[in-house]
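Novice: Please read through the structure below; I'll follow up with questions.
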Amino acid sequence: MMQDLAMHILDLGQNSIRANAKNIEICLWIDDEKDCITFRLVDDGIGMDEDMQKRVLDPFFSTRTTRKIGLGIPFIKELAELCNGSFLLQSEVGKGTTLEITLQKSCWDTPPLGDVGEAMMMLIQADGTIEYVLDYRHHGEFIMKTTEIKEILGDVNIQEPSILLWLKEYINENIK
Ligand SMILES: Nc1ncnc2c1ncn2[C@@H]1O[C@H](COP(=O)(O)OP(=O)(O)OP(=O)(O)O)[C@@H](O)[C@H]1O
Ligand SMILES: [Mg+2]
């Protein structure tokens, strides 16, 4: 399992997009003192009932008919366990889904952050009508909200290639 966290962000964000979320919030909190990385994704998509929440942890379950080999929820759960962390999935039909994992930062198996800017760029590229929030904390705090970006952009589409590339750099500059 050599994926980085950014690839999980992209993969889980795509779940939220497929679940018709209008708002997706991604928190990435790194606490050196507590030796802990917290990753949380909150969406307001269609949600899952309890039965579905249990089944979703089975790596061979998917509601997709054309299944590519993805990362999926079972893998992020396994990663959390491997990295002395925790896994929490909360969901309500019609309300949305929250997924939160923690990882021990210094654990050998804890993957690097990877290209978070690129992951966010690809999510916005996949659906520009969704409002995204990226809440990154490590020493300081960096918050990116597409609502604010869109306000600044005015008539310019957030999915313009030059804007997407700028956003990617902007995020990566602020989280390194
Ligand atoms: N945020 C979410 N909101 C609602 N349903 C979800 C959400 N995330 C996952 N699901 C449901 O759980 C199923 C399993 O998700 P998982 O990410 O493990 O696999 P997948 O998305 O089906 O396939 P892959 O991620 O491998 O492309 C999904 O098919 C979907 O029905
Ligand atoms: Mg998926």
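Novice: For the chain, what is the accessible area per residue in Å², given a 1.4 Å probe and the full set of protein chains?
Specialist: Numbers: 9870 Å² over 176 residues.
With all protein chains present, the chain gives 56 Å² per residue.
Novice: A further question on this structure: Cα to Cα, under 29 Å, and not fewer than 8 places away if on the same chain: which lysines meet these conditions relative to K95?
Specialist: K22, K54, K68, K77, K145, K150
Novice: Which order do the peptides 42-48, 52-58 come out in when sorted by mean C-beta neighbours inside 10 angstrom, highest first? It would help to have the intermediate numbers written out before the result.
Specialist: Numbers: 42-48: 20.3, 52-58: 14.3.
Sorting 42-48, 52-58 by mean packing, highest first, produces 42-48, 52-58.
Novice: Among L57, I37, T102, which residue has its Cα positioned farthest towards the positive end of the charge dipole of the chain, with +1 placed on the Cβ of Lys and Arg, -1 on the Cβ of Asp and Glu, and the dipole taken about the Cα centre?
Specialist: With unit charges placed on the Cβ atoms, the residue in question is L57.
Novice: State the volume of the convex hull built on the alpha-carbon positions of region 5-175, expressed per residue in Å³ and rounded to an integer.
Specialist: 118
Novice: Obtain the nm distance between the two label points defined at E173 and Q53 by a simple spin-label model: each point lies 7 Å from its Cα along the Cα-to-C-beta direction.
Specialist: For the pair E173/Q53, the computed spacing is 4.1 nm.
Novice: Once neighbouring chains are kept in place and the probe is 1.4 Å, which whole percent of the accessible area of the chain is contributed by carbon and sulfur? Walk me through the numbers before you get to the answer.
Specialist: Details: 5210 of 9870 Å².
C and S atoms contribute 53 percent here.
Novice: Compute log10 of I(q)/I(0) for region 136-176 with the Debye formula, placing one identical point scatterer on every Cα and leaving out solvent, at q = 0.16, 0.17, 0.32 Å⁻¹, to two decimals.
Specialist: -0.44, -0.49, -1.13
The values are calculated or read from the model by the stated rules, or taken from the named source; none is laboratory data. Remember, it's a predicted structure, so these values are computed and weren't measured experimentally. FYI the Cβ positions are ideal-geometry reconstructions off the backbone, even for glycines, and counts take in every protein chain you see. Areas reflect the complete protein model, heavy atoms only, side chains present, ligands, DNA and RNA absent. Shrake-Rupley method; radii C 1.70, N 1.55, O 1.52, S 1.80 Å.
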